[in-house]
C-alpha cells in the first residue's frame, strides 16, 4: 500500500465505481455504514448510492442492532420511533428490562432507574429478564433467568395472564387498537405452566411478572440486543408492544415500549433512510409515491431509485463472497469482527475488485483488506447532528482540528460523488448545509425535523422530534393525546398534522387535540407473535447454547477502547462464562483455556465458572477479533440466520460444545506440578 493525495484517491474510487457500474450494473456496488455516523454522513451516502449510483445496496451495522425494533414499531404503531422519553423514568413505577444488560451497556440510563428505585423502593418495581444474572439484575425485585430465545413464550404468557386477571384496559383497546380479539383467540390455549416450562422458569415467577406489570400505574419497558438479534426478533418486539397496548401503557408519562439503541446515531440513521429498504423521512423504497417524492427533491429522473429493497447486511456480504458484489465501501465500522460467521465476511473481502474502507483507526480487522484506505475525522474533529433513543436531536460542535489529512465522512462521500459527475448535487460547503437539505425531506412526516436548524440547536440545545415549525418546542412523547395527561406541564402536544408512512393523512396532534397512531385508521395493531426457537438448538454434538454480548469497559470491536490499559483491566482476553454443572461435566475449572466449537468454527477463551449463567447456556463477549489472536473472535462461531422480516441476524444463540483447548491438559498438569513443588518447599 502506498500513500496518495486526496485528489488521486477520490478520482480512483470514482473511476472504479463508474467502471463497475458500466460493466455489471449498479447492484454490483454496495455500501456498509454505521450507527456512529452523523446524520449528515448518513444522508450524503444514502443520496449518492440510492439516488445517483442507482442501487439500494446501502446498509449499516444498525441492521445488527435495531432492525427488529424498527419492524416492531412500524407493524404495531404504524411508524418507527420510540414513544417515551427519558424523563418518563421519573414517573414510572414499574421497569420491565428484557434482553438488555443496561448496567453495562447503558449505564447512565441505568443509574437514573436506580435513583428512581432508591427514592421509592417499596412502590417502584423492577423486573429483569435475562439468561445471565448480570449487574442489571442486582436491583431486580423479580429476576427471570429464562432460556435463551424463549422471550415470545414469556411475553405471550404474561398477556394471557393479564387478560385472565382483568388487567386489560378495554376502553383503550376498543378505541385505539385493532386485532386484540384475534390475539386472545390465538392464545386461548396457552397454559401458564407450559409457558413457564418452555422458558425454564417457575410458574409462580411468570404469574408474579404479570401481576407486577398489570398492577403498575406506569410501566416502562426497555430492551436491546437480547430481543432484537434473533430469528424471532420482530415477534419479540411485537409481543412487548402488545403488553403496552393491552394495558394502555403508552403515550402517558411513565409508560411506553422503549427500545435502546446500541450506537449514538442509530436512531438518526433510521430517519435518514440508512438501511437498504428505507428512504429519508421514514419513507420506504417499495412505496412508489415515496420514491417519486425523493426523486423530485433530489432532481433525478423518475425511476432512478430502485423499487426493490437492496441487500441487507448478511445478504450483502454473502453476495460479495459469491462474487456478485464487485465493489464495496465500508465506513466507520469493522464487520470482520462484528458480523456473524466471519469466515464468509473474510471471503467477501478477498473477492472484491474494489474495497474502500474509511476509518479513524488502522490497522483493524477490516482495514487490512482495503484496496483504498481513507482517514476519517473523529467525532471531536468535525461537527454534525445525531439523534438519540428518545428522538432527541443534538448538535455536536467541532472541538479540535482533524489530525493529518483526515476528513469528515460526508465530505469524503461528496467528493467522490462530484468526481463521478454529480457535482451539482454534492457541492456542500458545510455539514449544516447538508443537514438543512435533509430536514426538508422530513416536512410533514412523522419524524418532522422541518422546524430544526443547526443555528437553533446551537442556541437552544437539543430538541425532540417532531418539531414541525421554527418556534415549536419539540415533543416529549408520542401518542400523548390518547389519554388525559396527569402531568400536563411535562408534555407538549402542540404539533401539526402529519402524513403517515402509508401516504394517508392522520391527526398527529394539534394544540389541545388528540394524537393518533400513524396508521390509515389511526389505530395501533395487535399482532399474534408466534414462537420460533433459535435457529440452532443444542444436540449431542453441540449441547450448549452460546449467547454473546458486551462488556461495560469496551466499545464494539475495541478499535478505540482496546488501546486503553485501564479499560482492559476487567478482561484482557476473551473469556467464557459457564455454569458449574456444565464445567464439572467437562472437567473445566476457572482459569482454564477452553475451546468453544460450533458448526462454523472455533474460538479460544479463558473459562469463568459461575452460577450467574443458567445451566445449558454459556456467554462470551464479542469485542475481540482475529488481530487479537487467530482464535479470539466470538463471531467465528455465531451463525448468520436472520429474522425473515427485519433481516437482523441471530447473534444471541448458537449451538456449541466447550472443551479444554487442545494441548491445554499438559499446561494444566505443569501448573499443578509447579504448585505441588512450591507446597513441598514450604
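Comparison of 555, 604, 624 shows that the only residue that is under 25 Å from residue 316 (Cα atoms) and at pLDDT 95 or above is 624. For residue 335, the conditions (1) within 16 Å of the chain's Cα centre (by Cα); (2) buried (at least 23 other Cβ atoms within 10 Å of the Cβ); (3) more than 30 Å from residue 630 (Cβ to Cβ) all hold with the exception of (3). When the residues of region 614-630 are filtered to those that are crowded, with 19+ Cβ neighbours inside 10 Å and out of contact with any helix residue (DSSP H, G or I) (no Cβ under 9 Å at 6 or more places or on another chain), the one that is farthest from residue 69 (Cα to Cα) is 614. If you go through region 279-311 and keep only what is surrounded by 21 or more Cβ atoms within 10 Å (Cβ to Cβ) and closer than 28 Å to residue 347 by Cα, you end up with 310, 311. A residue that is within 17 Å of residue 210 (Cα to Cα) and free of Cβ contacts under 8 Å to residues at least 12 places away in the same chain occurs nowhere in region 145-152.
Confirm whether residue 296 is assigned to a helix (DSSP H, G or I) and in the same structural domain as residue 365 (by TED's automatic domain parsing). It is true that residue 296 is assigned to a helix (DSSP H, G or I) and in the same structural domain as residue 365 (by TED's automatic domain parsing). Considering (1) more than 25 Å from residue 105 (Cβ to Cβ); (2) surrounded by fewer than 24 Cβ atoms within 10 Å (Cβ to Cβ), the lone condition that residue 252 does not fulfil carries the number (2).
Scanning region 448-468 for residues that are surrounded by 20 or more Cβ atoms within 10 Å (Cβ to Cβ), at pLDDT 95 or above and under 24 Å from the mean Cα position of the chain (by Cα) yields 448, 463, 464, 465, 466. In summary, residue 567 fulfils each of the numbered conditions (1) over 30 Å from residue 201 (Cβ atoms); (2) modelled with pLDDT of 95 or more; (3) in contact with a helix residue (DSSP H, G or I) (Cβ under 6 Å, 6 or more places away or on another chain) with the single exception of condition (2).
Is there a residue in region 102-111 that is buried (at least 24 other Cβ atoms within 10 Å of the Cβ), under 29 Å from residue 252 (Cα atoms), touching a residue at least 24 places away in the same chain (Cβ under 8 Å) and not assigned by TED's automatic domain parsing to the domain that holds residue 407? Yes, there is a match, as at least one residue in region 102-111 is buried (at least 24 other Cβ atoms within 10 Å of the Cβ), under 29 Å from residue 252 (Cα atoms), touching a residue at least 24 places away in the same chain (Cβ under 8 Å) and not assigned by TED's automatic domain parsing to the domain that holds residue 407.
Of all positions in region 660-667, at least one carries a residue that is modelled with pLDDT under 95, closer than 20 Å to residue 577 by Cα and not in a loop (DSSP other than H, G, I, E, B). Within region 379-406, the set of residues being over 28 Å from residue 70 (Cα atoms) and in contact with a strand residue (DSSP E or B) (Cβ under 7 Å, 6 or more places away or on another chain) comprises 404, 405, 406. Of the residues that make up region 595-613, is at least one on the phi > 0 side of the Ramachandran plot and free of Cβ contacts under 8 Å to residues at least 40 places away in the same chain? Scanning region 595-613 turns up no residue that is on the phi > 0 side of the Ramachandran plot and free of Cβ contacts under 8 Å to residues at least 40 places away in the same chain.
Looking for whichever is in contact with a strand residue (DSSP E or B) (Cβ under 8 Å, 6 or more places away or on another chain) and either in the same structural domain as residue 645 (by TED's automatic domain parsing) or surrounded by fewer than 24 Cβ atoms within 10 Å (Cβ to Cβ) (or both) here; the options are 177, 192. Which one fits?
177
Here residue 79 fulfils each of the conditions (1) assigned to a helix (DSSP H, G or I); (2) surrounded by fewer than 24 Cβ atoms within 10 Å (Cβ to Cβ) apart from (1).
Within region 176-197, the set of residues being within 25 Å of residue 78 (Cα to Cα), assigned to a helix (DSSP H, G or I) and in contact (Cβ under 8 Å) with a residue 40 or more places away in the chain comprises 176, 180, 182, 183, 186.
Out of all the residues in region 205-215, is one or more assigned to a loop (DSSP other than H, G, I, E, B), crowded, with 20+ Cβ neighbours inside 10 Å, in contact with a helix residue (DSSP H, G or I) (Cβ under 8 Å, 6 or more places away or on another chain) and modelled with pLDDT of 95 or more? No, because not a single residue in region 205-215 is assigned to a loop (DSSP other than H, G, I, E, B), crowded, with 20+ Cβ neighbours inside 10 Å, in contact with a helix residue (DSSP H, G or I) (Cβ under 8 Å, 6 or more places away or on another chain) and modelled with pLDDT of 95 or more. Are any of the residues in region 551-570 closer than 29 Å to residue 34 by Cα and in a strand (DSSP E or B)? No: region 551-570 contains no residue that is closer than 29 Å to residue 34 by Cα and in a strand (DSSP E or B).
When you check residue 252 against the structure, is it outside any loop (DSSP other than H, G, I, E, B) and either in the same structural domain as residue 171 (by TED's automatic domain parsing) or under 15 Å from residue 37 (Cβ atoms) (or both), yes or no? It is false that residue 252 is outside any loop (DSSP other than H, G, I, E, B) and either in the same structural domain as residue 171 (by TED's automatic domain parsing) or under 15 Å from residue 37 (Cβ atoms) (or both).
In the set 140, 92, which member is over 22 Å from the mean Cα position of the chain (by Cα) and surrounded by 23 or more Cβ atoms within 10 Å (Cβ to Cβ)? Only one candidate passes the filter, namely 92. Among the residues of region 582-594, those that are touching a residue at least 24 places away in the same chain (Cβ under 8 Å) and either closer than 23 Å to residue 536 by Cβ or not assigned by TED's automatic domain parsing to the domain that holds residue 668 (or both) comprise 582, 583, 586, 588, 594. Looking only at residues of region 54-76 that are touching a helix residue (DSSP H, G or I) at 6+ places or on another chain (Cβ under 8 Å) and farther than 30 Å from residue 327 by Cβ, we find that the one that is surrounded by the most Cβ atoms within 10 Å (Cβ to Cβ) is 69. Among the conditions (1) within 25 Å of residue 341 (Cβ to Cβ); (2) touching a strand residue (DSSP E or B) at 6+ places or on another chain (Cβ under 9 Å); (3) surrounded by 19 or more Cβ atoms within 10 Å (Cβ to Cβ), residue 588 misses just one, which is (1).
Results for (1) assigned to a helix (DSSP H, G or I); (2) in contact (Cβ under 8 Å) with a residue 24 or more places away in the chain, shown as yes or no for each residue.
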position	(1), (2)
117	yes, no
122	no, no
154	yes, yes
157	yes, yes
162	yes, yes
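The values are calculated or read from the model by the stated rules, or taken from the named source; none is laboratory data. What you see is a predicted model; the values in this text were computed from it and never measured. Quick reminder, even Gly has a Cβ in these numbers, built from the backbone with ideal geometry, and neighbours come from all protein chains shown.
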